[in-house]
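Everything below concerns the one structure shown next.
The values are calculated or read from the model by the stated rules, or taken from the named source; none is laboratory data. What you see is a predicted model, and the numbers here were worked out from it, not measured in a lab. When we count neighbours, we look across all protein chains shown, and the Cβ atoms used for this are built from the backbone with ideal geometry, even at glycine. Protein only, heavy atoms only, side chains kept; ligands, DNA and RNA dropped before computing areas. Shrake-Rupley method; radii C 1.70, N 1.55, O 1.52, S 1.80 Å.
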Amino acid sequence: MKELILRDIYLIRKNLLITFGIFAGIFMLGFLAVLSAKYGNIAKYAFDSGVINDVLQTSTAFGIVAGVILGTSVEHIYNLINKDYNCGWHQYLLSSGIKPETIVGVKYLMVVIIDIICLLTGIGGCQLLKAISRASEGLFIKGAFADQEGMIVIIWFTSILLITGGYFSALEYAYKGKNNQKTDIIKILPVMVAIIAGMIIFFILEQDEEASKRLLLALFDKMQNVTVLYIVPIVTSLVVTVICYLISVKIVKKEGKRV
């Protein structure tokens with residue numbers, strides 16, 4: 001397994017470096033904005049202290065965006081599965097007697113490891129920017145958890161990306177790396193369903209202001225719960241990933257019987 005992991009890391013090293021480079025670039029933009037607001041041109045020439053505060057507040061958004069972009073690194077793994085099928089590497093591993101659990105497990109282990117590294121790096125960068133800027137309020141989240149806004153947003157997004165990585169990996173195994181209109185529709189279908197459902201809910205709530213207020217108050221109340229904020233997205237994403245792994249193993253075992 002160690003050799004397979006090292007092989008995968010070697011193949012996606014350039015893509016990972018590019019993604020981490022984008023993260024570093026966005027982080028540096030936020031860092032430079034903080035320096036300028038504290039000691040540079042913005043601090044010198046801003047006529048209103050509110051402008052400086054706004055810049056410091058907005059600089060934390062760079063950390064959030066950088067962390068979210070970093071989480072997209074999981075896509076390199078399911079793209080690698082596609083390439084393994086197309087170049088015959090997957091079939092070679094099956095014919096060499098390596099267990100399907102190992103073949104599939106390496107890919108899913110890589111997805112989880114990359115997601116965890118990106119999560120920790122993204123949170124670290126975001127919290128560092130927040131500590132340097134000393135921004136007291138959140139851009140999106142208000143109240144007691146405002147100072148943890150970056151951490152909350154990055155955890156939720158990386159959890160969603162982990163679920164996406166597991167789902168797309170299972171599809172690559174199901175369709176043996178083939179790219180066609182059918183696979184593209186199946187990949188995008190859950191996203192479209194979520195968007196349409198969101199639009200329908202938004203339209204319904206827009207027609208009933210009282211229902212909208214009640215829902216927002218209920219959501220705000222739930223969001224004050226640490227379990228909902230942190231544990232639920234992480235546990236859910238891991239459970240879905242394990243389910244996708246088990247499905248993928250079953251698919252690959254069927255392939256092995258034909259080899």
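Things worth noting here:
- Cβ-Cβ distances below 7 Å connect the following pairs, each with a first residue in segment 91-116 that is hydroxyl-bearing (S, T, Y), a second residue that is in a loop (DSSP other than H, G, I, E, B) and exposed (fewer than 14 other Cβ atoms within 10 Å of the Cβ), and a separation of six or more residues or different chains: S95/V259; T102/M1.
- Considering the conditions (1) over 20 Å from Y230 (Cα atoms); (2) at pLDDT 80 or above; (3) of a type outside the set (S, T, N, Q); (4) open to solvent by 30 Å² or more (accessible area, probe 1.4 Å), G105 is excluded by exactly one of them, (4).
- For E137, the conditions (1) buried (at least 18 other Cβ atoms within 10 Å of the Cβ); (2) at pLDDT below 80 are fulfilled apart from (1).
- Residues in segment 79-102 that are loosely packed, with under 15 Cβ neighbours inside 10 Å and among the hydroxyl-bearing types (S, T, Y): Y92, S95, S96, T102.
Residues are listed down the side, and each one gets a yes or a no for (1) surrounded by 14 or more Cβ atoms within 10 Å (Cβ to Cβ); (2) at pLDDT below 75; (3) under 21 Å from W89 (Cβ atoms):
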residue	(1), (2), (3)
K178	no, no, yes
E209	no, yes, no
R214	no, yes, no
V232	yes, no, no
I251	yes, no, yes
E255	yes, no, yes
